[in-house]
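What follows is a set of notes on a single structure, which appears directly below.
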Protein chains: 2
Amino acid sequence: MEQILGPAVPSSRAVLRPIGIQDVVITGGPLARWQRINHEASIPLGLEQMERSGALPNLRRAGGEGDGPFQGYRFQDSDLYKQLEAIAWEHVRAPQPLYAEFAEQAAAVLERAQRPDGYLNSHYQVVKPDKIYAELEYSHEMYCAGHLLQAAVAAARAGIGDGLLAVARRLAGHLVEVFLTGGNDGIDGHAEVETALVELYRLTGERTYLELAGNLIDSRGKGLIADSGMGMLYAQDHLPVRDADTPVGHAVRQLYLESGIVDVYLETGDESLLECSVRRWEDMVATKTYITGGNGSRHDGEAFGERYELPPDRAYSESCAAIAGIHWNWRLLLATGQGRYADLIERTLYNAFAASTSADGVRFFYVNPLQRRDDLVEDAYLGRRREWFACACCPPNIMRLVASLSGYVATKTESGLQVHQYVPGTVQAGEGAPARLKIDTDYPWDGLIRVTVEEAPAGEWELALRIPAWSESTLAGLSWDEPGDARPAQPGEDGYFRIRRQWRHGETVELRLDLTPRHTYPHRRIDAVRGCVAIERGPLVYCFEQADQARGVEVDDLALSPGARLRVVPVANLEGVGRTVLIETEAAAVDQPRGGLPYTSQPFAAGTLVTATAVPYFQWDNRDGGTMRVWLPLA
Amino acid sequence: MEQILGPAVPSSRAVLRPIGIQDVVITGGPLARWQRINHEASIPLGLEQMERSGALPNLRRAGGEGDGPFQGYRFQDSDLYKQLEAIAWEHVRAPQPLYAEFAEQAAAVLERAQRPDGYLNSHYQVVKPDKIYAELEYSHEMYCAGHLLQAAVAAARAGIGDGLLAVARRLAGHLVEVFLTGGNDGIDGHAEVETALVELYRLTGERTYLELAGNLIDSRGKGLIADSGMGMLYAQDHLPVRDADTPVGHAVRQLYLESGIVDVYLETGDESLLECSVRRWEDMVATKTYITGGNGSRHDGEAFGERYELPPDRAYSESCAAIAGIHWNWRLLLATGQGRYADLIERTLYNAFAASTSADGVRFFYVNPLQRRDDLVEDAYLGRRREWFACACCPPNIMRLVASLSGYVATKTESGLQVHQYVPGTVQAGEGAPARLKIDTDYPWDGLIRVTVEEAPAGEWELALRIPAWSESTLAGLSWDEPGDARPAQPGEDGYFRIRRQWRHGETVELRLDLTPRHTYPHRRIDAVRGCVAIERGPLVYCFEQADQARGVEVDDLALSPGARLRVVPVANLEGVGRTVLIETEAAAVDQPRGGLPYTSQPFAAGTLVTATAVPYFQWDNRDGGTMRVWLPLA
């Protein structure tokens, strides 16, 4: 079987097949920058934290080394597993002896920590050995196991961490013995292991892993998860997955669960699983997704809210939810070939996800709001980005996604290649396959994308290029046409512009996506941003930060006129931020005096005209920590 | 000393002196209805719950009777204390042998439970005797003690529950020994005991109680309260009270603390305490108060939010916060004589507070949002009102306020009477004092208030009638003028219309408050209701409930035109609700289709005209549990 080095490698039932990390090279643009920063700053910080935060010491303790107290949360092991997955993908992309060494040492620690029967969880082994599998509603035992399985699959594909796979298989075998053949009908309160079990099945061919994943999914909604005190919706146990119409409860749990559901569909062909997941996706997109692609409207329970409950200031939009959303969308894209999933990956990637990390890669947001007022910013999970968190689920999760980003760029079919995300670099179809593309672009700062066929297989094949839904008028220029004969690039219903032909080496398609900056209005049922407008350009959502405004202009006083022109201002190196494109526009500065109850018999008046400046949302909070708004009131 | 039977009876430093519950009789209108329902339905339910919820059994257990497990939260005792306070005030208003019996039995249980040294807290005595006063950040030991002190003061004033006062004094003495003279500098994470200690000082003259209250207040902001995991602001220990500019953290804690602060000022004359409390009041009113008078914008931490963070859907606006706010405003009113505090009492009373209880008095809201969407209403603390709660702080708190409502109607000075809240009934100045008013009114349904001087003291004295800030044009007719010669009633800067004269028996002032229904707009910095308008009439905030709309008209589709006329529609008995005044208006029904991301390049279009019907907010959720909105978008 062909070796695809990347996450989520489904069976042939997928409409599209992934192209591995080793076959896509990203040479420039923000994604290359994120990968460089991840390599140089984030991953070294993460590796250091594996000692400091207790993740490795806890596991050593479980293996009988040392006797310090257990540190951190009961899911502390998972930080290490995500970190291991991050360095595995990074090792495929840009090998480092350090990564292989770390993985080897970690594998040895895990081998020693693992019980002879395969069980492995440092918290329960050290702190609560009598409660193993007895409090699954909040134990995170299978959640941690899932992250270990994913790390082991990644390490095996990357060829590092000898022994990790064996540990993972023993643990998976233990889960199978207890929960599949052993009659224990427990389910972890935090979904994650489902998608991991399917991946391990894909790697090993061991069908009981897939069966267990399917069982865990089918068992939800029968009241098998005790209430952990967070209510019925929190762990998605309120309804069988085939009956639930809308994502609810803890957002990361729901989104990981969906990945597992689509993964099981991809291997078993159970259409009812794909259908229910798509139904919830459609509801989520229409009613529970931020303009940044983020999900999760409530701090309380880190949860999805009601339909259209999308407050910008109290948005939770957890970094992990952005990652989980990208995982889910990727599986739906593979399963269906529809560009709307790649569109949402792009939106989430460039906004909710990218905002999670500082420009220098050593500070992270857990929560990604769309507004910051200038009081009370000391809240631990709001305020500024932080180097680490007591609950550090996000930073290593961010690192594993960034390390694997090239795996999300393109896919292949029997008869062609599909480009989903535009990055400068090269894409080749895989081991020995002759198709090879070179992509030249300054995307997302510029809309011109030149795709050159550097190598082509014999015979007809099809190149499919995603036309993002936001691109109002896309032009395509073909190198075999007359010069300058660009034409409207009409995408198919699936969102792809397709050219099927017998390609010759060096032939080029020039795509011009429409990067005209645009005003965007919210659906009228989104109460929290009614009467507001946002600015977008290409895949980037913009925001107004206090740092970019003229002296005396307060972001909270600004109101935008939809008629005002949006001026594009490229900046080579904005201090603290780096390369960017700002947008300037005329705005009204409206100062409504404060005093007495803030409810009056007259609406507020128009203000004086000033220039307001917006910066891409993903680059926010790299200056002074002042006010920020994605949505501004309409003048 | 004159016996004033009511809560908060300050020293002569108060500008206004309270008139006790026994001297004000409310004979009609909503307040009389609430008192009747409280008497007939709520209090009986509450007394029953004192057994069922564990409050009494826990205390019996602490006294060595029985050996069942401790039930409920660590502050379970406080439910009983609030319930006792409720029946004490109710016993003044409408005596019942049952109340006296219950108070006597409870006093006996408390006597048996109290340790010889005076300590009393069933949770710590039964469950954690080794942790007494060791975890004050969340123990609620002083909080519970405070409620016991208040109950004992009320019972002593009402003449029931012999023995309660002795228990309370022993407990207060123990607190004094430990925390005033004993060198323990601990503070309870939940303020409450401060105002209670001052009240007990007022009743008993024991000055160490006042000193301890002052000490506890002065000790805040020095990091003496450990972080209970809720962050630095939660328990208001982030800054000394004299330095804090804005209310923060857990709303009920902040508001109880403010009552204690004003109470200490009232007894000691420390102006800096009054000043800081007024400063925070002004900030709270301008930036952190709902149109309903409710406070608390976040479920997370049951907390005040940032300035202007006032989401209607996720409003916390806890019933207990409304009560605590009324307590604070009442003390500020006594301390300053300014009508703005009585204005806010009225707003909170008729809206945030009154909404907490169902029309039949047996169901309660813990949280009082200004909007309910029609999905996911099963949330334990949202959704419909409930008979009781695991954390049942609100229901007995509601009962004690309703039982004492007549204490908030009027006050007196050396030279006059002040009427703050308009209710049909009688007010007399107190024991042996000759002044007696009769008030005839159908307020708040009608704006005509007739105040008749039934008895008058000799010499000149002043009648002061509050003119609510919302009354645009108030007329006054005086019985000693020519008939029909009503004149504009111009209030002074303090908000009162005053008449000073030598009154004769039977003289009448007819006040006509302006009950024209009005459109109200939010300050432009309140993001969550931007572009919206609300409807008010007199003190009542209105809301749109699905139950009142014509078939096919969805509340969530409605948009209001500020030009549309508001029609007043009195209804003698609306099913489930009782007597009310509805408001009808033309509205646009705008249906914006759902599908894809809810962010588009065009704002929504105008809709078709329909009739929309609004009902007073305090009467909501007495029908089918459907959609509700206080704020509607502007068409």
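The values are calculated or read from the model by the stated rules, or taken from the named source; none is laboratory data. Predicted model, so just to flag it, every value in this text is computed and none were measured. Virtual Cβ from ideal backbone geometry, glycine too; neighbours counted across all protein chains shown.
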### Matching residues, segment B:285-301, being surrounded by fewer than 23 Cβ atoms within 10 Å (Cβ to Cβ), assigned to a loop (DSSP other than H, G, I, E, B) and of a type in the set (D, E, K, R)
B:D300
### Task
Considering every residue within segment A:58-67, establish whether at least one is under 25 Å from A:I21 (Cα atoms) and of a type in the set (G, A, S).
no
### Query
In segment B:199-209, how many are buried (at least 24 other Cβ atoms within 10 Å of the Cβ) and either farther than 13 Å from B:A168 by Cα or in contact with a Lys or Arg (Cβ under 7 Å, 6 or more places away or on another chain) (or both)?
1
### Task
State yes or no: is B:D185 under 18 Å from B:F70 (Cα atoms) and among the acidic types (D, E)?
no
### Message
Among (1) under 15 Å from B:S317 (Cβ atoms); (2) in contact with a helix residue (DSSP H, G or I) (Cβ under 7 Å, 6 or more places away or on another chain), there is one condition B:I291 misses while meeting the rest; what is its number?
### Response
(2)
### Query
In the list A:E584, A:E545, which residue meets the criterion of being under 22 Å from A:D313 (Cβ atoms) and either under 31 Å from the mean Cα position of the chain (by Cα) or assigned by TED's automatic domain parsing to the domain that holds A:A359 (or both)?
A:E545
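One line per residue, one yes/no per condition, for (1) out of contact with any strand residue (DSSP E or B) (no Cβ under 9 Å at 6 or more places or on another chain); (2) surrounded by fewer than 24 Cβ atoms within 10 Å (Cβ to Cβ); (3) assigned to a helix (DSSP H, G or I):
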{"position": "A:Q83", "(1), (2), (3)": "yes, no, yes"}
{"position": "A:A86", "(1), (2), (3)": "yes, no, yes"}
{"position": "A:H91", "(1), (2), (3)": "yes, no, yes"}
{"position": "A:P95", "(1), (2), (3)": "yes, yes, no"}
{"position": "A:L98", "(1), (2), (3)": "yes, yes, yes"}
{"position": "A:E104", "(1), (2), (3)": "yes, yes, yes"}
{"position": "A:D117", "(1), (2), (3)": "yes, yes, no"}
{"position": "A:L120", "(1), (2), (3)": "yes, no, no"}
{"position": "A:Q125", "(1), (2), (3)": "yes, yes, yes"}
### Message
Show me the strands (runs of 3 or more DSSP E) found entirely inside segment A:449-504 where at least 2 residues are among the aliphatic types (A, V, I, L, M).
### Response
A:461-466, A:475-478
### Message
within 14 Å of another protein chain (Cβ to nearest Cβ) and among the hydrophobic types (A, V, I, L, M, F, W, C): is that true of B:L582 in this structure?
### Response
no
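Here is a yes/no grid of residues against (1) in contact with an Asp or Glu (Cβ under 7 Å, 6 or more places away or on another chain); (2) within 14 Å of chain B (Cβ to nearest Cβ); (3) among the acidic types (D, E):
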{"residue": "A:R207", "(1), (2), (3)": "no, no, no"}
{"residue": "A:L233", "(1), (2), (3)": "no, yes, no"}
{"residue": "A:V241", "(1), (2), (3)": "no, no, no"}
{"residue": "A:T246", "(1), (2), (3)": "yes, yes, no"}
### Query
How many residues does segment A:1-36 hold that are outside any loop (DSSP other than H, G, I, E, B) and either buried (at least 19 other Cβ atoms within 10 Å of the Cβ) or touching a strand residue (DSSP E or B) at 6+ places or on another chain (Cβ under 8 Å) (or both)?
15
## Note on the structure
Counting only residues that are in contact (Cβ under 8 Å) with a residue 12 or more places away in the chain and either within 9 Å of chain B (Cβ to nearest Cβ) or surrounded by fewer than 14 Cβ atoms within 10 Å (Cβ to Cβ) (or both), segment A:592-610 contains a total of 6
### Message
Tell me whether segment A:340-354 contains one or more residues that are in a loop (DSSP other than H, G, I, E, B), more than 20 Å from A:W620 (Cβ to Cβ) and within 12 Å of chain B (Cβ to nearest Cβ).
### Response
no
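Results for (1) surrounded by fewer than 13 Cβ atoms within 10 Å (Cβ to Cβ); (2) not assigned by TED's automatic domain parsing to the domain that holds A:L540, shown as yes or no for each residue.
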| residue | (1), (2) |
| --- | --- |
| A:E482 | yes, yes |
| A:R487 | yes, yes |
| A:Q490 | yes, yes |
| A:E493 | yes, yes |
| A:Y496 | no, yes |
| A:R501 | no, yes |
| A:G506 | yes, yes |
| A:P522 | no, no |
### Task
Pull up segment A:505-550, narrow it to residues that are assigned to a loop (DSSP other than H, G, I, E, B) and of a type in the set (V, I, T), then point me to the one that is farthest from the other protein chains (Cβ to nearest Cβ).
A:T516
### Query
Can you find a residue in segment B:551-573 that is in a loop (DSSP other than H, G, I, E, B), more than 9 Å from chain A (Cβ to nearest Cβ) and under 27 Å from the mean Cα position of the chain (by Cα)?
no
### Task
Could you tell me which numbered condition A:D218 fails, if it satisfies all but one of (1) free of Cβ contacts under 8 Å to residues at least 24 places away in the same chain; (2) in a loop (DSSP other than H, G, I, E, B); (3) over 22 Å from A:T289 (Cα atoms)?
(2)
### Task
Restricting attention to segment A:431-447, report how many residues are crowded, with 16+ Cβ neighbours inside 10 Å and under 20 Å from A:E507 (Cβ atoms).
7
### Task
Taking the residues in segment A:291-315 that are more than 7 Å from chain B (Cβ to nearest Cβ) and of a type in the set (A, V, I, L, M) as candidates, determine which candidate is farthest from the chain's Cα centre (by Cα).
A:L310
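Quick grid of which residues meet (1) outside the structural domain of B:S78 (by TED's automatic domain parsing); (2) under 25 Å from B:A103 (Cα atoms):
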| residue | (1), (2) |
| --- | --- |
| B:D188 | no, no |
| B:E206 | no, yes |
| B:N215 | no, no |
| B:G229 | yes, no |
### Message
Tell me the residue from A:P491, A:P434, A:P468 that is closer than 20 Å to A:G538 by Cα and in contact with a strand residue (DSSP E or B) (Cβ under 8 Å, 6 or more places away or on another chain), please.
### Response
A:P491
### Task
Can you confirm whether segment A:372-390 contains a residue that is in a loop (DSSP other than H, G, I, E, B), of a type in the set (A, V, I, L, M, F, W, C), crowded, with 24+ Cβ neighbours inside 10 Å and not assigned by TED's automatic domain parsing to the domain that holds A:A534?
no
### Task
Return yes when B:G337 is within 12 Å of chain A (Cβ to nearest Cβ) and either in contact with a Cys (Cβ under 8 Å, 6 or more places away or on another chain) or small (G, A, S) (or both) and no when it is not.
no
### Message
I'd like to know if segment A:190-198 contains one or more residues that are modelled with pLDDT under 95 and either buried (at least 24 other Cβ atoms within 10 Å of the Cβ) or within 14 Å of another protein chain (Cβ to nearest Cβ) (or both).
### Response
no
### Sole residue being away from chain A (no Cβ under 14 Å), over 20 Å from B:V285 (Cα atoms) and touching a Ser or Thr at 6+ places or on another chain (Cβ under 7 Å), chosen from B:W445, B:W480, B:W461
B:W461
### Task
Looking only at segment B:38-52, decide whether some residue is in a helix (DSSP H, G or I), modelled with pLDDT of 95 or more, more than 28 Å from the chain's Cα centre (by Cα) and not aromatic (F, W, Y).
no
### Task
May I ask you to list the residues in segment B:247-279 that are crowded, with 24+ Cβ neighbours inside 10 Å, closer than 22 Å to B:V15 by Cα and charged (D, E, K, R)?
B:E258, B:D263
